[in-house]
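J.: I am attaching a structure below and will ask some questions about it afterwards.
The values are calculated or read from the model by the stated rules, or taken from the named source; none is laboratory data. Just so it is clear, the structure is predicted and the values come from calculations on it, not from any experiment. Every residue, glycine as well, gets a Cβ built from its backbone with ideal geometry; the counts of neighbours run over all protein chains shown. Heads up: the accessible areas ignore ligands, DNA and RNA and are worked out on the full protein's heavy atoms, side chains in. Shrake-Rupley method; radii C 1.70, N 1.55, O 1.52, S 1.80 Å.
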Amino acid sequence: MGASLPDYLIREQAAVGALVVFGVLRVIAAAVALTKGWRIGLIEQAGIGLAVLWCAPQLIELIVAPGSIAALAELEGKAVGCTIALFFSPILSHRLGFE
């Protein structure tokens, strides 16, 4: 009952979750921006801001308890997932014709 998940599984789950959330969110935001006439740079800045907010709880937990391995693993996973999603989703949005 007291066993926890290994840190690599926490990291992988956080990365996949962030990748899906931010990838889908960025493509939908690009489609909305196209219909509303918003600048795509605004969408990119909003995505980066949301990624920082997405990772903030684990960052705060690491500041409060520097030895927390679970918080470090989750922060690493979320940061990697957000980075990959925010890098590759503009390519997908462009291919779909939203940019």
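J.: Output yes when any residue across region 1-23 is among the hydroxyl-bearing types (Ser, Thr, Tyr), open to solvent by 30 Å² or more (accessible area, probe 1.4 Å) and free of Cβ contacts under 8 Å to residues at least 12 places away in the same chain, and no when none is.
T.: No, there is no match, as no residue in region 1-23 is among the hydroxyl-bearing types (Ser, Thr, Tyr), open to solvent by 30 Å² or more (accessible area, probe 1.4 Å) and free of Cβ contacts under 8 Å to residues at least 12 places away in the same chain.
J.: Quick one: which residue in GLU61, GLU74 is buried (at least 20 other Cβ atoms within 10 Å of the Cβ), assigned to a helix (DSSP H, G or I) and acidic (Asp, Glu)?
T.: GLU74
J.: Give me the pairs, please: first residue somewhere in region 65-90 and of a type outside the set (Ser, Thr, Tyr), second residue anywhere and assigned to a loop (DSSP other than H, G, I, E, B), beta-carbon distance under 8 Å, and either six or more positions apart or on two chains.
T.: ALA70/SER4; ALA71/ALA65; PRO90/GLU99
J.: Let me ask something else. When you check LEU34 against the structure, is it over 19 Å from the mean Cα position of the chain (by Cα) and modelled with pLDDT under 95, yes or no?
T.: Yes.
J.: Checking the condition open to solvent by less than 50 Å² (accessible area, probe 1.4 Å) and more than 15 Å from the chain's Cα centre (by Cα), which residue from SER68, SER89 passes?
T.: Just one listed residue meets the conditions, SER68.
J.: Scan region 29-47 and report the pairs whose first residue is without any contact (Cβ under 8 Å) to a residue 12 or more places away in the chain and whose second residue is in a helix (DSSP H, G or I) and surrounded by fewer than 16 Cβ atoms within 10 Å (Cβ to Cβ), with Cβ atoms within less than 7 Å and a gap of 6+ or a chain change.
T.: Hits for this filter: zero, empty list.
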